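Worksheet: one structure, shown below.
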Amino acid sequence: MDLDLLLKALNASKKGQSYAFATVVESTEKGTPRKPGAKMLVLEDGSLFGTIGGGRDEKVTQETCLKAIKNGKTDILTFEHFGKKNQSICGGKTKVFIEPFKGVRRLIICGGGHIGLHLSVIAKMLNFEVIVLDNRKEFATKSRFPHVDRVVFGEFGDNIARFGNTKNCYIMIATFGHDYDYVCLKNALRTQASYIGLISSRNKRNRFFKELKKEGFSNKELKRIVSPAGLDIGAQTPEEIAVSISAEIVKLYNSDLVGSYKFKEKNNLLFIRGIERSKK
């Protein structure tokens, strides 16, 4: 493989960008444009590097790569080169394998307190790139967070804009003050982040939503906010809250896998047991 393509893919992944490789896996005749092993890289913004032969086939391949990036599914394309309509006249057939890749998932934790600390540990176990932001020097230290990728001291708003603007980014807001939470929330809504979680009560959430509407944010934008963050597991301690938030994030990025048969079977059994208990 072309080393330059690998480096471009690595760089995209580090930025949280998704991409797909298109690889020629079969070539039946000498006249086909490229031979097995030829690769092309397509980034989520449509940028294209390398080639599998050019022309209409390459355009179709680029479009298929973008589709694969969105749905996360591999694909195989077959192209004929016998001079028929929309075909080249090279002769033979080629098969191209499309393989999508997700960029590195990044979790930005706004607030280095108790919840942020425990959440950062779990997130690293889940192979996230973890960045902790805090505007307190004593909390924004590598000695407190030796396991994370980056600890950043400074203003929350500026750093959310700096690190949070990719679709593979997840933002969790748990600062030590309502005013700072609001600043984080406002700036998070201006990013492409797939998840914006907020630790809050109902009253706090309602107050924030009213203020955000006054600042021009739409109902559609406000629906991106998950508040209170986390699955309802009756969490009380910072450790338990961190588990509930982590589970919610995992459920989000594994949404296509939620609802498997084994868990439906479990729910049916629980329902049956509930009926049996009610009859006693």
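The values are calculated or read from the model by the stated rules, or taken from the named source; none is laboratory data. For clarity, every value in this text was computed on a predicted model and none was experimentally measured. All Cβ positions, glycine included, derive from the backbone under ideal geometry; neighbour counts span all protein chains shown.
What to note about this one:
- Filter result for the condition that a residue is over 21 Å from G112 (Cβ atoms) and in contact (Cβ under 8 Å) with a residue 40 or more places away in the chain, over I245, I249, I225, I241: I225
- Exclusive hit being small (G, A, S) and either without any contact (Cβ under 8 Å) to a residue 24 or more places away in the chain or farther than 21 Å from A247 by Cα (or both), set G164, G154, G230: G154
Here's the yes/no breakdown for (1) in the same structural domain as N127 (by TED's automatic domain parsing); (2) among the small types (G, A, S); (3) surrounded by 14 or more Cβ atoms within 10 Å (Cβ to Cβ):
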{"residue": "K167", "(1), (2), (3)": "yes, no, yes"}
{"residue": "I171", "(1), (2), (3)": "yes, no, yes"}
{"residue": "A193", "(1), (2), (3)": "yes, yes, yes"}
{"residue": "I199", "(1), (2), (3)": "yes, no, yes"}
{"residue": "R202", "(1), (2), (3)": "yes, no, no"}
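- Residues satisfying the stated conditions in region 182-191, i.e. surrounded by fewer than 23 Cβ atoms within 10 Å (Cβ to Cβ) and either in contact (Cβ under 8 Å) with a residue 60 or more places away in the chain or not assigned by TED's automatic domain parsing to the domain that holds Y170 (or both): none
- Criterion (at pLDDT 95 or above and part of a helix (DSSP H, G or I)) met by exactly one of E211, E240, E221: E240
- Residue match in region 88-100 (condition: assigned to a strand (DSSP E or B), at pLDDT 90 or above and of a type in the set (D, E, K, R)): yes
- Scanning region 154-173 for residues that are modelled with pLDDT of 95 or more and farther than 24 Å from F101 by Cβ turns up M172, I173.
- Test result for K67, within 30 Å of I108 (Cα to Cα), without any contact (Cβ under 8 Å) to a residue 60 or more places away in the chain, in a loop (DSSP other than H, G, I, E, B) and out of contact with any Leu (no Cβ under 9 Å at 6 or more places or on another chain): no
- Residue within region 39-49 that is among the polar types (S, T, N, Q) and in contact with a helix residue (DSSP H, G or I) (Cβ under 8 Å, 6 or more places away or on another chain) present: no
- Out of G230, G154, one residue alone is buried (at least 19 other Cβ atoms within 10 Å of the Cβ) and small (G, A, S). It is G230.
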